[in-house]
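The values are calculated or read from the model by the stated rules, or taken from the named source; none is laboratory data. Treat the numbers as computed from the prediction; the structure is a model and nothing was measured. Cβ coordinates were reconstructed from backbone atoms using ideal geometry, including for glycine residues, and neighbour counts include every protein chain displayed.
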Amino acid sequence: MKRPEPLQVVKERRDGALKLLVESVPYISFMGVSFDRRGDELTAVMAFDPKIIGNPVLPAIHGGATASFLEIAALIELSWQRAWGALEEGSADVAAIQGAGYLRLPKTIDFTVDYLRSGLPRDCYARARVNRSGRRYASVHVEAWQDNRSKLYAQATGHFLMPQLIVDE
């Protein structure tokens with residue numbers, strides 16, 4: 001029977017894959033979005049920055065910044081969920097998973113945002129839930145909040161075209 005890998009090795013492989021995925025899109029760092037990983041669960045965090053204010057009178061976060069944040073959360077969750085299975089097999093390292101296309105981002109088909117209240121000038125959090133994910137198509141729901149998870153300030157539903165994996169034949 002094969003011995004399990006040391007926990008530190010598993011964590012490094014997971015963190016390395018997530019880092020590659022997030023760094024593949026420069027816009028994510030421009031928006032100040034990072035991801036908090038707990039096992040296979042990701043929480044997107046958009047740190048407050050005055051550049052994301054859309055209405056300085058209120059002040060409120062710009063709707064485009066909110067929509068971008070939700071779409072980023074959905075795309076990374078889809079790719080992360082797809083890569084998770086390959087990472088957990090343990091047989092492949094991050095480079096092999098990347099080469100097989102697991103870390104490629106899906107393409108947005110449509111994305112609908114519901115603005116439930118004004119985003120206040122503070123950090124934002126979001127979690128995406130994959131409703132359906134097949135070989136070619138995926139559907140995702142994302143919720144965003146600030147101080148209290150039960151008081152959402154925005155939510156979105158998106159449909160995505162999944163990238164084809166490169167399979168060794």
Looking at TYR125, TYR102, can you tell me which residue is surrounded by 13 or more Cβ atoms within 10 Å (Cβ to Cβ) and either at pLDDT 95 or above or among the small types (Gly, Ala, Ser) (or both)?
TYR125
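Results for (1) among the aromatic types (Phe, Trp, Tyr); (2) touching a Ser or Thr at 6+ places or on another chain (Cβ under 7 Å); (3) more than 30 Å from PRO121 (Cβ to Cβ), shown as yes or no for each residue.
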position	(1), (2), (3)
ARG14	no, no, yes
LEU18	no, no, no
PRO26	no, no, no
MET31	no, yes, no
GLY39	no, no, yes
ALA44	no, no, no
LEU75	no, no, no
Taking the criterion of being on the phi < 0 side of the Ramachandran plot and modelled with pLDDT under 95, would at least one residue in region 151-162 satisfy it?
yes
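Condition check ((1) more than 18 Å from TRP145 (Cα to Cα); (2) β-branched (Val, Ile, Thr); (3) not in a helix (DSSP H, G or I)) across all residues:
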position	(1), (2), (3)
VAL9	yes, yes, no
ARG14	yes, no, no
LEU20	yes, no, no
PHE35	no, no, yes
THR43	no, yes, yes
GLY54	no, no, yes
VAL57	yes, yes, yes
Quick count over region 127-164, residues being touching a Gly at 6+ places or on another chain (Cβ under 9 Å) and among the polar types (S, T, N, Q), is 3
Pairs with Cβ under 7 Å, 6+ apart, first in region 40-53 and under 24 Å from ARG129 (Cα atoms) and at pLDDT 95 or above, second assigned to a helix (DSSP H, G or I) and among the small types (Gly, Ala, Ser):
ALA44/ALA73
Give me the residue from region 18-33 that is surrounded by 14 or more Cβ atoms within 10 Å (Cβ to Cβ) and at pLDDT 90 or above and, out of that set, nearest to LEU103 (Cα to Cα).
VAL22
Failed item in (1) within 17 Å of the chain's Cα centre (by Cα); (2) surrounded by 14 or more Cβ atoms within 10 Å (Cβ to Cβ); (3) modelled with pLDDT of 90 or more; (4) not charged (D, E, K, R), with SER133 passing the rest
(3)
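Every residue, every condition in (1) free of Cβ contacts under 8 Å to residues at least 40 places away in the same chain; (2) under 18 Å from TYR115 (Cα atoms), yes or no:
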position: LYS11; (1), (2): yes, no
position: LEU18; (1), (2): no, no
position: SER24; (1), (2): no, no
position: ALA60; (1), (2): no, yes
Residue check for PHE69: more than 16 Å from GLY16 (Cβ to Cβ), at pLDDT 95 or above, of a type outside the set (D, E, K, R) and part of a helix (DSSP H, G or I):
yes
Within region 47-76, restricting to residues that are buried (at least 23 other Cβ atoms within 10 Å of the Cβ), touching a Gly at 6+ places or on another chain (Cβ under 6 Å) and of a type outside the set (S, T, N, Q), the one that is nearest to HIS159 (Cα to Cα) is ALA74
